[in-house]
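> Here you go, one structure.
Derivation of every value follows stated rules applied to the coordinates shown; laboratory data play no part. Values in this document were obtained by computation on a predicted structure and should not be read as measured data. Cβ atoms come from the backbone with ideal geometry, glycine included; neighbour counts cover every protein chain shown.
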Amino acid sequence: MTELSGGPALPQERRLVTPIPGPKSQELLARKAATVANGVGTTLPVFVTRAGGGVLEDVDGNSLIDFGSGIAVTSVGNSAEAVVRRATEQLAAFTHTCFMVTPYEGYVEVCEQLAELTPGDHAKKSALFNSGAEAVENAVKIARAYTGRQAVVVFDHGYHGRTNLTMALTAKNMPYKHGFGPFAPEVYRVPLAYPFRWLTGADNCAEQAAAQAIDQITKQVGAENVAAIVIEPIAGEGGFIEPAKGFLPRIAQFARDNGIVFVADEIQTGFCRTGQWFACEDEGVVPDLITTAKGIAGGLPLAAVTGRAEIMDAAHAGGLGGTYGGNPVACAAALGSIETMRELDLNAKAKRIEEVMKGRLAALAEKFDIIGDVRGRGAMIAIELVKSGTREGAKTPNPEATAAVAKACHAEGLVVLTCGTYGNVLRFLPPLVIGEDLLTEGLDIIERAFGTL
């Protein structure tokens, strides 16, 4: 049973009573096709009725193991007691006033928590929004207001959102950018330290990638023209790429030396996902601004920009905000989510998930030579698939095998996601509260899926 369920206890077990998807899900899928825009895709078309702990229950009565967490959102589970309790209390009190019209304490409390939890002991302020893309876009606005500059530097394999500006910041064309241009100007892309694919080897990656990035910024943009450098401490949609050690501190130092606002996009990595409150803590990097969303509020829409007070205050009064930004129910959920993370020490749980998953996946890599790389931190783990026999050679991406493994996992009742610039990465984002028995069973399913190739 789940200890975090907000309603009746949900059995923590995988249970398949129909093929996946079942007949009721297929009926709903037909209704979706009739009324929902085709551009809104679905990875696994099972329609969920209940969820909690490490499982999702669908309309057909199937119970699936969740290795997706709604893309790193439900880190505390889908129905954490503190999230449900606080959100329910707030829902009964009032649903909305608009903080820009008549404020409320919950918004301030979330900002206080962000000031305490984010890296650095400097004075900090925050502004709250609805989505990760909104947070990134507002971080750029704030950096431009503070510096009086326009250019923004981003990195290969980066993902930052689906608005016009954040599509420009995002590296991958399909499915995020294709056919949606023209995009916002003054965005410049430089190399990321991608150890598995660095041409001269992982040992040279950090130094050479940083040198190339800084050289391109200096020569092609001019450091004096750059308002912000925006980077994910671990690239998410790009393939769960953990930059080679030393790369992030070098880029952050370059930003500091040149009056550039260093923005850590921690939308997918933040709030215990990597075994630390924020991934940039791993190398002691203290960003000027940090963007958060996803795991912050246990599934309710909330996002934030948090940073140095003098930078955050650069925008004029009324220049930041939005009708729903920092909605009171979402703020209450965030306070419940943070309470749960503290009480259950979810950083420690994320580290245990890493220990279990990496051990099993490393053994799989020895067994199946199409697994080219096992990487990630905490409960943000991935394997990159290559053509058979190319692991130490050309490392040719293998998106076909990646799709086949994901499909086999789905059929057995395990929710897994794919990602990567080349579509060849399986990514695993289990809820941090998942039971170790479910974690192990999920890994067994993954191993069987490779055996079917």
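> Rounded to the nearest 20 debye, what is the charge dipole size of the chain about its Cα centre when +1 sits on each Lys and Arg Cβ and -1 on each Asp and Glu Cβ?
1000
> Starting with the highest mean, order 55-61, 293-299 by the number of other Cβ atoms within 10 Å, averaged over the residues of each peptide.
293-299, 55-61
> Taking 30 Å as R0, compute the FRET efficiency from the Cβ-Cβ separation of Thr88 and Thr43 and round it to 0.05.
0.50
> For segment 287-397: lysine pairs with Cα atoms under 20 Å, gap of 8 or more or different chains, count?
7
> So what's the gap between the Cα centers of segment 375-453 and segment 236-315, to the nearest angstrom?
If you average the Cα positions of each part, the centres end up 26 Å apart.
> Counting only DSSP beta bridges with both residues in segment 83-343, what percent are antiparallel, rounded to the nearest 5?
Percentage antiparallel, nearest 5: 45.
> Give me the percent of DSSP beta bridges within the chain that run antiparallel, rounded to the nearest 5.
Antiparallel bridges make up about 65 percent of those DSSP assigns within the chain.
> How much length, in nm to one decimal, is gained on full extension between Glu207 and Thr163, taken as 0.36 nm per residue of separation minus their Cα-Cα distance?
Additional length available on full extension: 12.6 nm.
> Right, next: Testing the spin-label approximation: label points 7 Å from Cα along Cα→Cβ at Asp437 and Gln26. State their distance in nm.
3.2
> Right, another one. Could you check the simple spin-label distance between Glu310 and Thr200, using points 7 Å along Cα→Cβ, in nm with one decimal?
Reported label-point gap for Glu310 and Thr200 is 3.8 nm.
> Please give the calculated 222 nm ellipticity per residue for the chain, where each DSSP H segment of at least 4 residues contributes -39500 (n - 2.57) and the sum is spread over every residue; nearest 500 deg cm²/dmol?
My calculation for the chain gives -11000 deg cm²/dmol from helical runs alone.
> Once the dipole of the chain is set up with Lys and Arg at +1 and Asp and Glu at -1 on Cβ about the Cα centre, which of Ser337, Val153, Trp277 lies farthest towards its positive end?
Value: Val153.
> Just to verify a number: FRET efficiency for Ala34 and Ala403, C-beta to C-beta distance, R0 = 25 Å, to 0.05?
In this case the efficiency is close to 0.40.
> Of the listed peptides 337-343, 285-291, 93-99, what is their order by residue-averaged count of other C-beta atoms within 10 Å, with the highest listed first?
Going by the mean number of other Cβ atoms within 10 Å, highest first, we get 285-291, 337-343, 93-99.
> I would also like to ask the following. Hey, with R₀ at 45 Å, roughly what FRET efficiency would Asp257 and Arg50 work out to, going by the Cβ-Cβ distance, to 0.05?
Here the calculated transfer efficiency is 0.30.
> Along the charge dipole of the chain, which of Pro399, Leu10, Thr88 sits closest to the positive end, that is, farthest toward it, with unit charges on the beta carbon of Lys, Arg, Asp and Glu (+1, +1, -1, -1)?
Pro399
> Within segment 78-101, which residues have the backbone N less than 17 Å from the label spot 7 Å out from Arg15 along Cα→beta-carbon, could you tell me?
Under 17 Å, as judged by backbone N against the label point of Arg15, lies no residue of segment 78-101.
> Taking 7 Å along the Cα-to-C-beta vector as the label spot, tell me the Asp121-Val221 distance in nanometres, rounded to one decimal.
3.2
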